[in-house]
Amino acid sequence: MKITETALKDCYILEPAVFGDSRGYFFESFNARIFNELTNTQTVFVQDNQSYSTKGVLRGLHAQAGESAQAKLVRVLQGTVLDVAVDARSESPTFGQHVAVELSAENQRQLFVPRGFLHGFVVLSETATFFYKCDNFYNKASECGVKFDDPALGIDWGLPHDELLISDKDQVLPSFKDVFGG
């Protein structure tokens, strides 16, 4: 497994070693010992989630706050997404900055999104199946989020605004500054 640091502190891209032949392929999608050693963390995942979406669906930017904060390891099982993580940790040197990574079934990349980050993705292919591991259980009361098109964040989602499908809840989220200051 290859682990690459992103421009954001504690946020990593994981690329598994893929072994393939005429029958198909095999790869180890996660190994706690290797991951924890290379990232210098002690992450233990407790919940797996999966979503299926069509082209243009944008989910996010969301986070769990306080004691319910979650780290996530995300990947795409089918299709292609643009995955976005925003550092919302006020003490971090990369506070308010984001990283965008294309994840697909073909490139088999994964993104580790640490606790204290906002997270979202948009589907670039006709459909996508998105899978993620979390290190804490979901708690609806601790959910927070910011508007996907907040000019202060300057995220290019890779599709024109009029092609995005956004939930009513996500369209009325507050700005990054209103939630996290800065």
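Selection of first residues in the stretch 100-111 that are on the phi > 0 side of the Ramachandran plot and of second residues that are part of a strand (DSSP E or B) and modelled with pLDDT of 95 or more, restricted to Cβ pairs under 8 Å at least 6 apart or on distinct chains, gives the following pairs, ordered by first then second residue: 108/75. For the stretch 131-169, residues that are open to solvent by less than 50 Å² (accessible area, probe 1.4 Å) and in a strand (DSSP E or B) total 6.
Restricted to the stretch 109-125, and to residues there that are in contact with a strand residue (DSSP E or B) (Cβ under 6 Å, 6 or more places away or on another chain) and not in a strand (DSSP E or B), the residue that is least open to solvent (accessible area, probe 1.4 Å) is 125.
Taken over the stretch 76-97, the criterion of being open to solvent by 10 Å² or more (accessible area, probe 1.4 Å) and either under 26 Å from residue 141 (Cβ atoms) or in contact (Cβ under 8 Å) with a residue 60 or more places away in the chain (or both) is satisfied by 82, 88, 89, 90, 91, 92, 93, 94, 95, 96, 97. Just one residue in the set 77, 8, 61, 38 is at pLDDT 95 or above and not in a strand (DSSP E or B); that residue is 8.
Taken over the stretch 134-180, the criterion of being among the basic types (Lys, Arg) and within 21 Å of residue 124 (Cβ to Cβ) is satisfied by 147 alone. The listed residues are 100, 128, and the only one of them that is open to solvent by 10 Å² or more (accessible area, probe 1.4 Å), part of a strand (DSSP E or B) and either over 15 Å from residue 56 (Cα atoms) or among the hydrophobic types (A, V, I, L, M, F, W, C) (or both) turns out to be 100. Scanning the stretch 125-147 finds no residues that are in contact with a Gly (Cβ under 7 Å, 6 or more places away or on another chain), within 22 Å of residue 2 (Cα to Cα) and not hydroxyl-bearing (Ser, Thr, Tyr). One residue stands out in the stretch 1-51 among those that are over 20 Å from residue 105 (Cβ atoms) and loosely packed, with under 10 Cβ neighbours inside 10 Å: the one that is farthest from the chain's Cα centre (by Cα), namely 33.
The values are calculated or read from the model by the stated rules, or taken from the named source; none is laboratory data. These figures come from a predicted structure and were not determined experimentally. Backbone-built Cβ (ideal geometry, glycine too); neighbour counts: all protein chains shown. All accessible areas refer to the heavy atoms of the entire protein, side chains included, with ligands and DNA or RNA removed. Shrake-Rupley method; radii C 1.70, N 1.55, O 1.52, S 1.80 Å.
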